[in-house]
Structure formats: structure tokens, C-alpha cells
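The values are calculated or read from the model by the stated rules, or taken from the named source; none is laboratory data. All values reported here derive from a predicted model rather than from experimental measurement. So basically every Cβ, Gly included, is an ideal-geometry build from the backbone, and we count neighbours across all protein chains shown. Remember, those area values only see protein heavy atoms, side chains included, never the ligands or the DNA or RNA. Shrake-Rupley method; radii C 1.70, N 1.55, O 1.52, S 1.80 Å.
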Amino acid sequence: MDFSTFHNKYIIEGELVILTALHIGSGKEEAEHDAPFINNNGDFLIPGSSFRGYLSTKLERLLDIENNFNFIEKKTKEKLNLGDVKLIFGYTNLSKDDKNIKNISEIRERIKSKLRVDISDIKEIDSMAGRIHIADMPIISEVESIKRDGIRINRDTGATEKGAKFDYDVIPAGAKFKLYIELNNIADYQLELIGLALKDIVEDGDLFGGKLSRGIGKCIIPKETLKISYVDSQDRDALENYIFKGEMRKGDTKILFDIENLTLKLK
């Protein structure tokens, strides 16, 4: 789907609820805190880039070449690969060889195919912006962070390092953050890929954030909090309402989770 013209737009909203406590560090020491929870002028937030990374990693695992199955796009009968992740989340340096990626040539061909370009020089599509934007997620409940103690362990010896005591902030269970995802010019099968990436954290909760080995990071997006709205350029009335009034149609979240455009094939 071409990015140069407007085809569609989807907005997914919901709430991320902390189940066991959550740590996402700011990377800076503050006062007596070695690893404070990231905040904006004192207001706790989860960077949109953190949740974006969570979703892209989920899809990379599903589409990894080492899996004993392939995803097939029903409409084209074509096999998906990591190129489909890059088409959603964006990429750079596609022409650069990466020894860590075994099927780089197939990834390039998949991207060329979906962009409908027939070029010999891959550098012409060397970089591309993503079709997904995830806003920073502000906290929407009244909570105070909790300071926890930790000990640094030397990975080589297994012993406690000298002067290794440190503390880190967590947001306690029950806290809620606002989720806002925007998708532009997205194909039906790509929307379902986003649904698959969200599936675990929506259905049962999933691990997210930092210091997961300390038993924290379990979060859930309750399905009842999810809302989806959209506009499609093929719907003239809806398009006029969006352009002139900023209004979008309300959709059913089933379009995320009821898979109709993808199938699995065992290797």
C-alpha cells in the first residue's frame, strides 16, 4: 500500500493495567534514587517507544525463520517474513548486509513486493518510516512510586559485587496508563498482525518493562477498555466527516483478533 496517498487510518485506545508492579527506568539518577521510574515533570509515563518495541519484538518472534511454521497472506498466497514487521514499524539501511539475519534477501524481496516496486537498486527504498505511531502513555490513576532494593551480581563469578547495593522505583499493581496507537495506510492482514502482537497482553497479561527477572512487569490491557476507530478513503461520507470535522467511525475490536486474512502453514 502506497504511503504517498491517503488510504485509511485506525486509532486503537485502551488502558494498560499493572498486575505485579512495573519498572521503566529513566536512565538517570535522581536524588536518592539510583533508577527512578521515567516521568515528565513528576508525572509518570511509559514511553511510546517502549511499547512499540514490545509489539515489534512479538511480531519478530512470530515471523522468525527458525519457527516450524509460516504465516501466509490468504489474498496473495505469499509467505510472510520479517519484512512485514519492517513494513509496519519502519526500517533503515535495508541495503546493508546483516550477518545476524539469515534470510535478508527474502526480506528485501518481500518489501519490494508489498511496495509494488521493481527496482534493481535496493538503495532506492533503503529507509522507510513506519505506519504505526504509539504515543507516550501517561498514568491515569493516582499512585506513588515504591522504592525497592537490589543487589548487583557479577555474572562471571556469581558473587555479589562490592558496593553493589542499589535501589529502583516501581509503579505498584493496580496503576493504569493510557494507550493510544495510530496506524496509517495499513492493509487488512497488517491490522491482524497488530492484533496478534497484542493478543497475549490483552487475553492473559504479559511481561513488559524492565527488571523482569525480579518478578515484576506483568501487565494487562483489559479487552473491555479497548476501542478502535477508523476512516477509509473508499467511504466518501466517512472521509468527509474525518477531513472536515475530525470524526472517525467506531469499529469493533474483532477486526483485530478475528483472523480472516492470514493462515498458518507448517514447514
Note, ³J(HN,Hα) from phi for segment 249-266, Karplus 6.51, -1.76, 1.60, rounded to Hz, x at Gly and Pro: 6, 8, x, 9, 5, 4, 5, 7, 10, 8, 7, 10, 10, 10, 9, 10, 10, 6
Using a Förster radius of 22 Å, what is the FRET efficiency between Tyr180 and Leu115 based on their Cβ-Cβ separation? Nearest 0.05, please. 0.20
Among segment 57-73, those whose backbone N falls under 18 Å of a label point 7 Å along Cα→Cβ from Asp98 are 57-67
For Lys245 and Asn40, calculate 0.36 nm times their separation in residues minus their Cα-Cα distance, and state this gained length in nm to one decimal. 70.7 nm
Here, Arg214 and Asp64, labelled 7 Å along Cα→Cβ, have an inter-label distance in nm of 2.7 nm
Once all protein chains are kept in place, Arg249 shows an accessible area at probe 1.4 Å, nearest 10 Å², of 100 Å²
Check which residues have an amide H placed less than 5 Å from Glu78's amide H, if you skip close sequence neighbours. Glu73
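When only the heavy atoms of the protein chains count and the probe is 1.4 Å, how do Arg116, Arg52 rank by accessible area, highest first? Intermediate values should be presented prior to the final figure.
Working: Arg116 210, Arg52 65 Å².
Order by accessible area, largest first: Arg116, Arg52.
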Nitroxide proxy distance, nm - points 7 Å out along Cα→Cβ at Lys123 and Glu224: 5.7 nm
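Which order do Ile122, Ile88 take when ranked by solvent-accessible area (1.4 Å probe, heavy atoms of all protein chains), largest first? Write out the running numbers ahead of the final one.
Working: Ile122 30, Ile88 0 Å².
Greatest to least solvent exposure: Ile122, Ile88.
Quantify how much of the Cα-Cα distance distribution of segment 191-252 extends past 14 Å, in percent. Intermediate results must be reported in sequence, preceding the final value.
Details: 1286 of 1891 pairs.
Summing the P(r) tail past 14 Å for segment 191-252 gives 68 percent.
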Over the heavy atoms of His133, what accessible area does a 1.4 Å probe trace out, to the nearest 10 Å²? 100 Å²
Multiply the residue separation of Thr20 and Asp232 by 0.36 nm, subtract the distance between their alpha-carbon atoms, and state the gained length in nm to one decimal. 72.4 nm
Can you sort Thr92, Thr76 by solvent-accessible area, 1.4 Å probe, largest first? Thr92, Thr76
Leu266 versus Glu13: modelled label distance in nm, points set 7 Å from Cα along the beta carbon direction: 4.4 nm
If I ignore ligands, DNA and RNA and count only protein heavy atoms, how much of Tyr10 is accessible to a 1.4 Å probe, in Å² to the nearest 10? 20 Å²
For segment 56-131, one quarter of the surface area of the C-alpha convex hull, expressed in nm², comes to 5.3 nm²
